[in-house]
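Visitor: Below: one structure in structure tokens.
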């Protein structure tokens, strides 16, 4: 089963004309400036998503050639955000604790 990612609970972000500014719980600031990274960000922070869902969304939203490495780039981007503590794995939403 593919892992779903969501915004970490201690992360704040804001968007303006310059980009998306991300403040981590550790106080680090990151800025997303290009259209593809901002599109991935919007898609994955809207609700918990898998890497594969993000890849399909971006391929459908941008004109990307079949031999482009966008799928690998998106996987690396989401992995990096997870390592930085910006995204976290979402618990299995189908499990109900009693």
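What follows draws every value from the coordinates through simple rules; no lab data is involved. Just so you know, these numbers come straight off a predicted model, no measurement behind them. FYI the Cβ positions are ideal-geometry reconstructions off the backbone, even for glycines, and counts take in every protein chain you see.
Visitor: At a Förster distance of 30 Å, what's the computed FRET efficiency of residue 28 paired with residue 68, Cβ-Cβ distance as r, to 0.05?
Guide: Working: r = 30 Å, r/R0 = 0.99.
Taking R0 as 30 Å, the efficiency between residue 28 and residue 68 is 0.50.
Visitor: With bins 10 Å wide starting at 0, give me the P(r) of the range 15-55 over every alpha carbon pair, in whole percents.
Guide: With 10 Å bins starting at 0, P(r) equals 27, 49, 24.
Visitor: Could you work out [θ]222 nm for the chain from helices alone, using -39500 (n - 2.57) per DSSP H run of at least four and dividing by all its residues? Round to the nearest 500 deg cm²/dmol.
Guide: Per the formula, -12000 deg cm²/dmol.
Visitor: Given R₀ = 22 Å, FRET efficiency for residue 42-residue 82 by Cβ-Cβ distance, to 0.05?
Guide: Taking R0 as 22 Å, the efficiency between residue 42 and residue 82 is 0.80.
Visitor: Note the listed values (1) 15.8; (2) 18.2; (3) 14.2, then indicate which one is Kirkwood radius over Cα pairs in Å calculated from this particular structure.
Guide: This structure yields the entry labelled (3).
Visitor: May I pose another question? Once you put a point 7 Å from the Cα of residue 56 and another 7 Å from the Cα of residue 14, both along the Cβ direction, what distance in nm separates them?
Guide: Each label point lies 7 Å from its Cα, and together they span 3.6 nm.
Visitor: Can you tell me how much longer the chain between residue 90 and residue 21 gets when fully stretched, taken as 0.36 nm per residue apart minus their C-alpha distance, in nm with one decimal?
Guide: Contour length minus Cα-Cα distance gives 22.6 nm.
Visitor: Still on this model: By count of other Cβ within 10 Å, fewest leading, how are 79, 65 ordered?
Guide: With the fewest neighbours first, 79, 65 line up as 65, 79.
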